[in-house]
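Input: a single structure, listed below in structure tokens.
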Amino acid sequence: MPYAAPVGTPRVALVTLGCARNEVDSEELAGRLVAGGFTLVEDPDDADAVLVNTCGFIDAAKRDSIDVLMAAGDGGSGRPVVAVGCLAERYGEQLAGELPEAAAVLGFDAYPQIADHLRRVLAGERLPSHTPRDRRALLPLTPVARPGVHAGHVPGHGDMVGIRGSADAHPVPDGATVGPAWIRRRIGSGPVASLKIASGCDRRCAFCAIPSFRGAFVSRPPDEVVAEAAWLVEQGARELVLVSENSTSYGKDLADPRALERLLTRLAEVPGVARLRVCYLQPAEVRPDLVAAMVDLEVVADQFDLSFQHASAPLLRRMRRFGGSDAFLDLVGAIRARAPLAGIRSNVIVGFPGETEADVAELCAFLEAAELDAVGVFGYSDEDGTEAAGLDGHLDETEIRARVDEVSGIVEAVMAQRAEQRIGDRVEVLVEGLDGLRAEGRAAHQGPEDGTTTVHLPPELHDSLAPGAVLAARVVSSEGVDLHAVEVCVVRR
């Protein structure tokens, strides 16, 4: 059945896949669509068009993105489905050729005019598919030469093209808030929101393709970050999760090696912020001054998201990374010396080309000694255009799965033991949901994907709390990585 173009205000559903950075990008797209005269709807079945913000990180994420794109166009409605996001940016024309279900495949540079592009799609026009390019080449090699250089659109960093400054810009309605250089509309209404402080990466990890399609590292100006933080608080956010590809590099293009510490101090002074959480820290770039700032600023969560990737020093060099078991254990020890209750999370890759059984044994020994609170275990897979894809020593998939299972078993036991060690500790829990006399949320050491804390409330608090409140409580039991706590005192409402 041919699709009938909508009459009146067109409706669009936004489907977001992947990481917190993609969620921020979707809220930029949402703001631009509302500003361009669209109505956002949650259910794709109620929409005139579906915009899928894809993930292009690893094979599993790519498959999920393609499955969602195909499902969104299924059912015979004829409604157009448009692919944006990392998979679209990375593969562009190739994705369009292999996925006829997508009415358009648009890259990051299309975001400022996304409303106009979608109107053209709804009118039956076939848009040219995005042509991929290595976005690292768009900026000077020297970081301090990058400020002020136009390098295409950087999602989540502002750019008012198509909103203000153009003759046909639509008026900005309520809900699509425009700041000095950014536009964003919150899609959810919970008390936790992500805030992008930088984009891109200058590292050349052998297994990672992200820099090629996200570009070289660019810090957002501190004033812009602080202004958006204040706006997020106005929208109901109480915990701000600071995200980027590499947060420890923040400020290197601003000629300020302590820019992240200064930014945290400014964000801590924003009225209404109950908690700041810093994600994506490179272990080799974690300075003592940064650890001190994160621990000493009361509003910053004592959680350190450290990207170790492995523990074998020779294998890490093969990955084009630094460190090893000894250096990583020293860093973990230094953090816990300042903050004994701090949470530490990481990710590791198992089955990288050339990995030996001795490397796996060293990784397992490190994980047991480090007693991390949360660890993601990923099996290696080749990524197009990466150095690792051309290395010798590739392992077969069966062996990689076996190693993933071995490491995952150790990780699950270590994480459960670490949670059990917290019984008796006092924690502060930011409430994200309420169910009778139970408040669900996360303690300071628990990241967005690292377990929850259930606080069992006394009857007198039944009707006086709302999401966003901060409760002090005592941990009484654990289930895996999840905690249960009692003896409630309201720290902030």
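Observations on the model:
- Candidate set: the range 390-406, residues that are open to solvent by less than 60 Å² (accessible area, probe 1.4 Å) and more than 17 Å from ALA60 (Cβ to Cβ); chosen: the one farthest from the chain's Cα centre (by Cα): GLY393
- Output for the range 412-460, where each listed residue is open to solvent by less than 60 Å² (accessible area, probe 1.4 Å), of a type in the set (A, V, I, L, M) and part of a loop (DSSP other than H, G, I, E, B): ALA444, LEU457
- Search result, residues across the range 447-471 that are under 29 Å from the mean Cα position of the chain (by Cα) and under 26 Å from GLU234 (Cβ atoms): GLY447, PRO448, LEU465, ALA466, PRO467, GLY468, ALA469, VAL470, LEU471
- Of all residues in the range 48-88, those satisfying the criterion of being open to solvent by 10 Å² or more (accessible area, probe 1.4 Å) and in a loop (DSSP other than H, G, I, E, B) are ASP48, CYS55, PHE57, ILE58, GLY73, ASP74, GLY75, GLY76, SER77, GLY78, ARG79, PRO80.
- Scanning the range 237-275 for residues that are closer than 18 Å to PRO147 by Cβ, assigned to a loop (DSSP other than H, G, I, E, B) and more than 22 Å from the chain's Cα centre (by Cα) returns ALA255, ASP256, PRO257, ARG258.
- If you go through the range 288-326 and keep only what is part of a loop (DSSP other than H, G, I, E, B), open to solvent by 30 Å² or more (accessible area, probe 1.4 Å) and farther than 30 Å from PRO353 by Cα, you end up with LEU297, GLU298, ASP302.
- Subset of the range 192-202 that is in a loop (DSSP other than H, G, I, E, B) and open to solvent by less than 10 Å² (accessible area, probe 1.4 Å) - its residue that is nearest to ALA227 (Cα to Cα): ILE197
- Among residues of the range 386-399 that are in contact (Cβ under 8 Å) with a residue 12 or more places away in the chain, those with a beta-carbon under 8 Å from a residue that is surrounded by 14 or more Cβ atoms within 10 Å (Cβ to Cβ) and assigned to a helix (DSSP H, G or I) at least six positions away or on a different chain give the pairs LEU391/ARG318; LEU395/ARG403.
- Boolean, GLU28 is open to solvent by 30 Å² or more (accessible area, probe 1.4 Å) and either in contact (Cβ under 8 Å) with a residue 12 or more places away in the chain or among the polar types (S, T, N, Q) (or both): no
- Selection within the range 476-493 - under 13 Å from ASP450 (Cα atoms) and either loosely packed, with under 14 Cβ neighbours inside 10 Å or at pLDDT below 85 (or both): GLU479, GLY480
- Comparison of ALA72, ALA88 shows that the only residue that is more than 18 Å from ILE210 (Cα to Cα), touching a residue at least 40 places away in the same chain (Cβ under 8 Å) and among the aliphatic types (A, V, I, L, M) is ALA72.
The values are calculated or read from the model by the stated rules, or taken from the named source; none is laboratory data. Please read these numbers as outputs of a predicted model, since none were measured by experiment. All Cβ positions, even for glycine, are placed from backbone atoms using ideal geometry, and neighbour counts span all protein chains on display. Just so you know, the surface numbers come from the protein's heavy atoms only, side chains and all, with ligands and any DNA or RNA stripped out. Shrake-Rupley method; radii C 1.70, N 1.55, O 1.52, S 1.80 Å.
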